[in-house]
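Novice: Here's a structure for you.
We did not get these values from a lab; they are worked out from the coordinates using the rules stated. Just so it is clear, the model here is predicted, and its values are computed rather than measured. Virtual Cβ from ideal backbone geometry, glycine too; neighbours counted across all protein chains shown.
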Amino acid sequence: MGLRIHFVVDPHVFYGIAIFCLVALVRASIADPGRLPENPKIPHGEREFWELCNKCNLMRPKRSHHCSRCGHCVRRMDHHCPWINNCVGEDNHWLFLQLCFYTELLTCYALMFSFCHYYYFLPLKKRNLDLFVVRHELAIMRLAAFMGITLLVGITGLFYTQLIGIITDTTSIEKMSNCCEEICPRLIDDTDTISALQS
């Protein structure tokens, strides 16, 4: 029974995916997200595509955004990620997507490993339920499976929204500003309707 589980879930594959995940984390953390230089050289034909940042008073391309945490403008900034302690922008967005993908793979593999481990421990539970190791190992596996499923759902949602953003060529900041523009007129219309009904 143990040999069959070993072939289903090889720990060396788990270690390999974990190393890929850590390398992707380090690369996304130290990569330049697309910071703009202090005095950018703007070509004469592209001046209408640039604007002045009202926070740092520097010229920036139109789809750039000023990060309040980092204190500089980033080209096509998607968001500031606390997990990598860096902005996700034009130059490191693919590294962040790679990190999400490897984290999702690692979580799936860890869940599969946990379920196979649980399957292996079920016969031991029937025979030696009073053993301290078996009882606590089963409880830890259940907790790890719950945390793994929660992480998998979260990272899958993040990976999906990032892929949709790349396909539609919109950043998270642009999605949020478009959402606010759609909601605010409705709120203004509703308050006008309520005030008209009250008078």
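Novice: Determine ³J(HN,Hα), in whole Hz, for all residues of region 26-31 in sequence, where each value follows from phi through the Karplus function 6.51 cos²θ - 1.76 cosθ + 1.60 and θ = phi - 60°; x replaces Gly and Pro.
Specialist: Values per residue, Gly and Pro as x: 5, 5, 5, 6, 9, 6 Hz.
Novice: Give the residue list of GluC sites (Glu not before Pro) in region 36-85 that are DSSP loop and have at most 15 other beta-carbon atoms within 10 angstrom.
Specialist: Glu38
Novice: Using 5 Å bins from zero, what percent of all Cα-Cα pairs in region 1-113 falls into each bin?
Specialist: The distribution over region 1-113 is 2, 11, 18, 16, 12, 10, 8, 7, 5, 4, 3, 2, 1, 0, 0, given as percents.
Novice: Can I ask one more? Between Leu22 and Asp169, what is the FRET efficiency for a Förster distance of 41 Å, r being their Cβ-Cβ separation, to the nearest 0.05?
Specialist: According to the calculation, E is roughly 0.85.
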